[in-house]
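J.: Handing you a structure now.
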Amino acid sequence: MNVGITQRVEFIAANNEYRDSVDQRLIEWVVSAGFIPIPIPNSILGAPNLKEEYLESWLLELNIQALILSGGPDIGKFPKRDNTENFLLSWADKSSKPVLGICRGMQMMGFWCGVKLCKVDGHVNKKHALMASNINITLPKNVNSFHNLALKNIPNNFSLLASSSDGTIEAMKHDLLPWEAWMWHPERESFFNPCEINRVRSLFNSEK
């Protein structure tokens, strides 16, 4: 299965250029789960004379069957990335493609649904316990944390999967679409957690 991965945008002042990039560990995590990772450029929608139809054709030509919205700088800092991810979510909604949102990716998923973000303290470069909303949900007991913002509430048609002890929303799942989101980074652990690998396999393999 080909999995499209969104990329962070970085401005390289010495070269006066913007570059797309993705953590090599995230690529390794996707490969470990048995999928083929394909980074998605942020500049397609911003190129002269190219419209959304071109990006959709690109996705179809490369047979993108699932998406990962990766982590990165806050929403609003780089509009090209925001526009690309907004389009991708609309495309995945229309075609019922599986989507996993990671950290900023979960924020974007909520933002796309009309949910506001709020500031949180004590969630940068920290480890904290994860409180599953149901004993039947298999998630890590402890997760990393690298974010200053969180969803203010659960979007419509989503269910809470887990929260932190301070009530911050840490994971959610769409009630109808094969969409799930985590506020932690599975790729930033020294060893990949089998339960996260199993969750993403189950999520992506739900595609018909």
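The values are calculated or read from the model by the stated rules, or taken from the named source; none is laboratory data. Not measured: the values here are computed from a predicted model. Because the Cβ atoms are built from the backbone with ideal geometry, glycine has one as well, and the counts that use them run over all protein chains shown. Each accessible area value is taken on the protein alone, full model and side chains, heavy atoms only, with ligands, DNA and RNA left out. Shrake-Rupley method; radii C 1.70, N 1.55, O 1.52, S 1.80 Å.
J.: Could you tell me whether the range 16-39 includes any residue that is open to solvent by less than 50 Å² (accessible area, probe 1.4 Å), part of a loop (DSSP other than H, G, I, E, B), of a type in the set (V, I, T) and out of contact with any His (no Cβ under 8 Å at 6 or more places or on another chain)?
T.: The answer is yes, given that some residue of the range 16-39 is open to solvent by less than 50 Å² (accessible area, probe 1.4 Å), part of a loop (DSSP other than H, G, I, E, B), of a type in the set (V, I, T) and out of contact with any His (no Cβ under 8 Å at 6 or more places or on another chain).
J.: If you take the residues of the range 1-15 that are assigned to a strand (DSSP E or B) and among the polar types (S, T, N, Q), which of them is nearest to N63 (Cα to Cα)? I'd like the intermediate steps shown before the answer.
T.: The initial filter retains those residues of the range 1-15 that are assigned to a strand (DSSP E or B), namely 2-6, 8-12.
Now narrow it down to the ones that are among the polar types (S, T, N, Q): 2, 6.
On the way: N2: 6, T6: 15 Å.
My answer is N2.
J.: Identify all residues within the range 91-112 that are in contact (Cβ under 8 Å) with a residue 12 or more places away in the chain, open to solvent by 50 Å² or more (accessible area, probe 1.4 Å) and over 15 Å from F204 (Cα atoms); write none if there are none.
T.: Across the range 91-112, the qualifying residues are F111, W112.
J.: From (1) of a type outside the set (S, T, Y); (2) touching a residue at least 60 places away in the same chain (Cβ under 8 Å); (3) open to solvent by 80 Å² or more (accessible area, probe 1.4 Å); (4) touching a Phe, Trp or Tyr at 6+ places or on another chain (Cβ under 9 Å), pick out the condition that doesn't hold for I64.
T.: With (1) of a type outside the set (S, T, Y); (2) touching a residue at least 60 places away in the same chain (Cβ under 8 Å); (3) open to solvent by 80 Å² or more (accessible area, probe 1.4 Å); (4) touching a Phe, Trp or Tyr at 6+ places or on another chain (Cβ under 9 Å) applied to I64, the lone miss is (3).
J.: Hey, another quick one. Kindly evaluate K80 against the criterion of being out of contact with any Cys (no Cβ under 6 Å at 6 or more places or on another chain), open to solvent by 40 Å² or more (accessible area, probe 1.4 Å) and either part of a loop (DSSP other than H, G, I, E, B) or touching a residue at least 24 places away in the same chain (Cβ under 8 Å) (or both).
T.: yes
J.: If I ask for residues that are exposed (fewer than 12 other Cβ atoms within 10 Å of the Cβ) and β-branched (V, I, T), which ones from the range 113-137 would you list?
T.: V124, I135, listed by residue number.
J.: Just give me the residues in the range 171-182 being open to solvent by less than 10 Å² (accessible area, probe 1.4 Å) and touching a Leu at 6+ places or on another chain (Cβ under 6 Å), in sequence order.
T.: Of everything in the range 171-182, those that are open to solvent by less than 10 Å² (accessible area, probe 1.4 Å) and touching a Leu at 6+ places or on another chain (Cβ under 6 Å) turn out to be A171, M172, E180.
A quick yes/no check of all residues on (1) closer than 19 Å to L67 by Cα; (2) in contact (Cβ under 8 Å) with a residue 40 or more places away in the chain:
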{"residue": "C118", "(1), (2)": "no, no"}
{"residue": "L130", "(1), (2)": "no, yes"}
{"residue": "K141", "(1), (2)": "no, no"}
{"residue": "F146", "(1), (2)": "no, yes"}
{"residue": "L160", "(1), (2)": "no, no"}
{"residue": "A171", "(1), (2)": "yes, yes"}
{"residue": "F204", "(1), (2)": "yes, yes"}
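J.: Checking D74 against (1) touching a residue at least 40 places away in the same chain (Cβ under 8 Å); (2) acidic (D, E); (3) crowded, with 16+ Cβ neighbours inside 10 Å, which test does it fail?
T.: (3)
J.: Further question on the same structure: Please tell me if M108 is part of a helix (DSSP H, G or I), in contact with a Ser or Thr (Cβ under 9 Å, 6 or more places away or on another chain) and modelled with pLDDT of 95 or more.
T.: Numbers: part of a helix (DSSP H, G or I): yes; in contact with a Ser or Thr (Cβ under 9 Å, 6 or more places away or on another chain): yes; modelled with pLDDT of 95 or more: yes.
Against the criterion (part of a helix (DSSP H, G or I), in contact with a Ser or Thr (Cβ under 9 Å, 6 or more places away or on another chain) and modelled with pLDDT of 95 or more), M108 qualifies.
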